[in-house]
Amino acid sequence: MLTVYLDSQDFSHFSTKHKDHAKYASLKSELLQLKKDGHARFVFSDVHVYEVFPRDASATAEGLDRIRTIAEFCGSESMPSFTSLIEYEVRSLVSQSTGGEVPVVSNNWFPDLGIAGTPMERASSPPNRKERRTMESQVRKNSSPLVAEFRRKYPFFKDSNVLIRYYGHDVEWHDVVAMIERSIQDIRSFATWLACSNDANLNLPEILRGGYVSYVAAVTAIREEVARRVLAIESAEQRNELAKAIGSGLDKSLVELRASIARRLMDELREYEGSVIVDGSMPSFDSLLRYLAELLRRSSQLSTPRKPMGSDFADALHVSYLPRVDIFRTDAAAANALAQIYPARKTDIVADVFKLPDIIRAKAGAESR
């Protein structure tokens, strides 16, 4: 079965509240039928959720409809969160060097909650017979005040009674964590709670927006510096020399970035004395850097330099999943850049969503032969 990664715009267009929904309705049905027939499975990432989540209260209905569309296509089938995936690749390299424990990566879309090592306090010994009977009765009748409070605050929890069993020493903290993670995987109910709750203090769209601003500012500064130097050029020879100098500088910067970025991002590497160079052994991290480098080259070319956009940053995060899927949907501009980087995967990168069903059928047929 083919693993298909859709573009965030696809989930918007396929949602019933989008103004162009009718244009995409037949295509949506066709793709969902391919899923039903077992030819494709659609997966989502945290980047999808950050992009389609409602930005404010006025957009709640439309945003939650986009989330429901993700769930309709993907169910709970997600890729690891971007941060979990990058950390996994770096830790895998380090473990090979040190002979340490081989890391594992969860397919949960939500980044590590950080609660696995901080269990809620409970009595050091199991409850006595009377206390246990009371707990068991509360579980059967769903009458526990503690569970009722958790259900009120976190209605997306799949089984709040696990908390009672935890306090009764029938299950351990990792069982509680697993229940919470399983609940968050149901993005439909989790997103509804997050968008409507006054208790939630998490603004998903802002997670990306800070990166948008920093990325655009940095690339714009380079683009403007190149433009300033171009104005001072008086001959074709000078132009060629400037182009070579810019290309050489970008290549050098990329080499330096590959050698330093992992240490900048992960404090745990301070104790590690070996080198951590991002290359093909870290396919997702490598794809991210390759894509950003290609966009930077296009924005620093002497003639018609490309204007950087905030969405470039989100596109780069999406691109990190390209090595882990069979078919990757993106817009025409990103597809053009990726074709330069990965010519051997050109047929896997789909710029026209209306061609997607035929591509899935062709690849599924090739797989079955």
Where Lys and Arg each count +1 and Asp and Glu each count -1, what net charge lies around ASP352 among other residues with Cβ under 12 Å from its Cβ?
-> -2
Would you kindly calculate the translational diffusion coefficient of region 63-215, applying Stokes-Einstein with the Kirkwood radius from alpha carbon pairs, for 20 °C and a viscosity of 1.002 mPa s, and quote it in µm² s⁻¹ without decimals?
-> 118
Got a sec? Charge dipole of the chain, +1 on Cβ for Lys and Arg, -1 for Asp and Glu; which of GLN96, SER275, LEU31 is way out at the positive end?
-> LEU31
Net charge near ARG223 (other residues with Cβ under 14 Å of its Cβ; Lys, Arg +1; Asp, Glu -1) is +3
Cα-derived Rg to Rh of the chain, Kirkwood definition | 1.04
Rounded to the nearest Å, the spacing of the alpha-carbon centers of region 168-188 and region 261-281 is 32
Expressed as cubic angstrom per residue, what is the convex hull volume of the alpha carbon set of region 132-214?
-> 107
Would you tally the net charge around ARG129, using a Cβ to Cβ cut-off of less than 15 Å, leaving ARG129 out, and scoring K and R as +1, D and E as -1?
-> 0
Mean Kyte-Doolittle of at least -0.5 plus a Cα span of 30 Å or more along the axis: flag which DSSP H helices in the chain meet both, please.
-> 204-231, 236-265
Restricting region 145-226 to GluC sites (Glu not before Pro) in coil, as DSSP defines it, with at most 12 other Cβ within 10 Å | GLU172
Candidates per GluC sites (Glu not before Pro) in region 50-123, loop by DSSP, up to 16 other Cβ within 10 Å | GLU77, GLU101, GLU121
Using Cα centres only, tell me the gap between region 38-66 and region 299-369 in whole Å.
-> 20
When the gyration tensor of region 140-186 is built from Cα positions, what are the square roots of 5 times its three eigenvalues, in whole Å, from largest to smallest?
-> 16, 15, 7
So what does THR134 come to for accessible area, using a 1.4 Å probe and Å² rounded to 10?
-> 70
Starting from the Cα coordinates of region 249-369, work out the convex hull volume and express it per residue in Å³.
-> 135
By a straight-distance test (C-alpha under 30 Å), which lysines pair with LYS153 as possible cross-link partners, with residues fewer than eight away in the same chain excluded?
-> LYS17, LYS130, LYS141
Please identify every one of the GluC sites (Glu not before Pro) in region 227-268 that sits in a loop by DSSP and has no more than 14 other beta carbons within 10 Å of its own beta carbon.
-> GLU234
Across the Cα atoms of region 43-139, what radius of gyration and what greatest pairwise Cα-Cα distance (Dmax) are found, in Å?
-> 20.5, 54
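The values are calculated or read from the model by the stated rules, or taken from the named source; none is laboratory data. Predicted model, so just to flag it, every value in this text is computed and none were measured. Every residue, glycine as well, gets a Cβ built from its backbone with ideal geometry; the counts of neighbours run over all protein chains shown. SASA here: full protein model, heavy atoms, side chains in, ligands and nucleic acids out. Shrake-Rupley method; radii C 1.70, N 1.55, O 1.52, S 1.80 Å.
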